[in-house]
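Have a look at the structure below before the remarks.
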């Protein structure tokens, strides 16, 4: 039994962030998070990282206009930890404005 087996997914993601291992989506398997913490090595990058960066730039630049449409969004796509499905839905809704 591993010492991190009792730690929930949100806590594992936060532990990885605090350890400087980057931001992870909630879709990252527990085993990968635990392995990253044990080895100190980053797992494969999330394929949505590029979209997160572009969305954050766009939201930051247009936050006053977008805040009524993004009610619970703080515009920090790269650090807030939105689930991957939210990133996909947001990207699909705004990619025409962003690109």
Helix 84-98 axis, angle to the chain major axis (alpha carbon atoms, nearest 10°): 30
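How much FRET efficiency would the formula 1/(1 + (r/R0)^6) give for residue 95 and residue 4, where r is the Cβ-Cβ distance and R0 is 35 Å, rounded to 0.05? Write out the running numbers ahead of the final one.
Details: r = 37 Å, r/R0 = 1.05.
Calculated value: 0.45.
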Between the Cα axis of helix 30-39 and the main Cα principal axis of the chain, the angle (0 to 90°, nearest 10) is 70
For the chain, the convex hull over Cα atoms projects on average to an area in nm² of 6.7
Between residue 30 and residue 66, what is the label-point separation in nm under the 7 Å Cα-to-beta-carbon projection? 3.4
For the Cα atoms of the chain, what angle does the longest principal axis make with the long axis of helix 49-61, in degrees from 0 to 90, nearest 10? 40
Only counting other Cβ atoms within 10 Å, I'd like 1, 55 sorted with the fewest neighbours first. 1, 55
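A short reminder: the numbers here are calculations on the coordinates, not readings from a lab. Keep in mind that what you see is a predicted model, and the values were worked out from it rather than measured. Here the Cβ is made from the backbone with ideal geometry for all residues, glycine too, and neighbour counts use every protein chain on show.
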